[in-house]
Amino acid sequence: SSNMTLAANVAAAETLTIAVTNADVAGTALLDINVDDAVTLDSSAAGLSFDGVTDSNFTVTGSGQSLTLAAAGGGAQSVFVTSAGTGVNAVDISATAGGFSIDGANTTSNITLTGDGAGDDLTVGVAGAFDSSLILSSTGTGADALQITASAGGIDIAATGAAAGEDIDITATGSSINLTSTEAIADAIRIYASDAAGGADIDVGTGGFIVDQAGATGGISLDAATSSNYTVTGSGMNLTLASAGGGAQSVILNSAGTGVNAIDLEATAGGFSIDGVISSNLSMNANVASAETLTISATNADGAGTALLDINVDDAITMDSSAAGIAFNAAAASSFATAAGNLTFSSGATVDIDGTTSVTVENWTFN
């Protein structure tokens, strides 16, 4: 073993300098240190500085051997890797045949790009067409355990090369998913299945599906270009269409259909009730060259039962035909009776009363 040592014993700073120079600028001056084992540089009370003015490197060439840059003293210390380069790879950390790991413990950490112009992007990506993934995960317990925030721009989440089944899944296990937008526009939140054969499927549990219009103005519009339905399948469960605000409002059912059942209200196993508390009407306003009929009927397909039409009013019943007649026909005994007052039959021509067996007239006045 040999050594080259400076053992100073003065109050001033003393230096041991190993220098290689070449006064002829056409030549070079190299310092070459070669050993069969290790090279150890230690500073017991200060730091170490390695400086170069051209490309430099620290390289381990042995297979399975590691290069460690560490600050191991503890306390408020750091390892700084800095570059004044202006290229896109001013600091380049590259694992050419394996992975890499950046870990922090017990304190806040960050990866930040401070841009000074358009196109200054920070990209975190997985390249290569293999079954690999980019995973962002957090075991934090706060409401914002994983946070993606754009403070002055938008956010795009796109799966552009996916096949069927390679979906975008957003799952909250034991919590909720909230979609909120503050933009003052009709499609502030838009769910769009753009393919002609695409659709939207919303399944809910016993809490139901609630769509509320939060503001004082605006409405809800549901539109489709093919056959559609609103169906309640649970036994004893109701479907309610209501306009409950009061004032001059309406519930409007419209159909541009041309069939006899353009609007079809049907109770397949029970009855129905149409009620109003002010003047109401049931009208057919035809505008075609053929004869059109408004039919009110009561039938019972079970021969053992009956089907009655019962019209009750507190005041008068008026039946008018402005251009034709009125016929009352029955297959069994019938009656026209008043509990009080007169029953009047009048005609601008003739009143014809016929009976195939007999006609009985009691207490009549003929004019």
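Quick note: the coordinates plus some simple rules give every number you see, no bench work behind them. Quick caveat: nothing in here was measured; it's all calculated off a predicted structure. Neighbour counts are summed over all protein chains in view; Cβ atoms, including those assigned to glycine, are modelled from backbone coordinates with ideal geometry.
A few notes on this one:
- Spatially, segment 251-326 and segment 58-115 are offset by 83 Å when compared through their Cα centroids.
- Overall form of segment 283-323 per C-alpha gyration tensor (a/c, 1.5; a/b vs b/c): oblate
- Taking 16 Å as the cut-off, the amide N atoms of segment 51-76 that come nearer than this to a point 7 Å along the Cα-to-beta-carbon line of S94 belong to 55-60.
- (1) 1.37; (2) 2.23; (3) 1.29, with the label sought being that of the calculated Cα Rg over 2.2 N^0.38 Å: (2)
- Rounded to the nearest whole Hz, the Karplus-based 3J(HN,Hα) values (6.51 cos²θ - 1.76 cosθ + 1.60, θ = phi - 60°) of segment 90-104 follow the sequence 4, 10, 10, 10, 10, 10, 6, 9, x, x, 9, 9, 10, 10, x, with x at glycine and proline.
- Over segment 93-145, the Kirkwood radius and the radius of gyration, each from Cα atoms, give a ratio Rg/Rh of 1.00.
- Measuring r between the beta carbons of V251 and S358 and using R0 = 56 Å, the FRET efficiency lands at 0.60.
- Label-point separation, A333 to L48 (7 Å along Cα→Cβ), nm: 12.4
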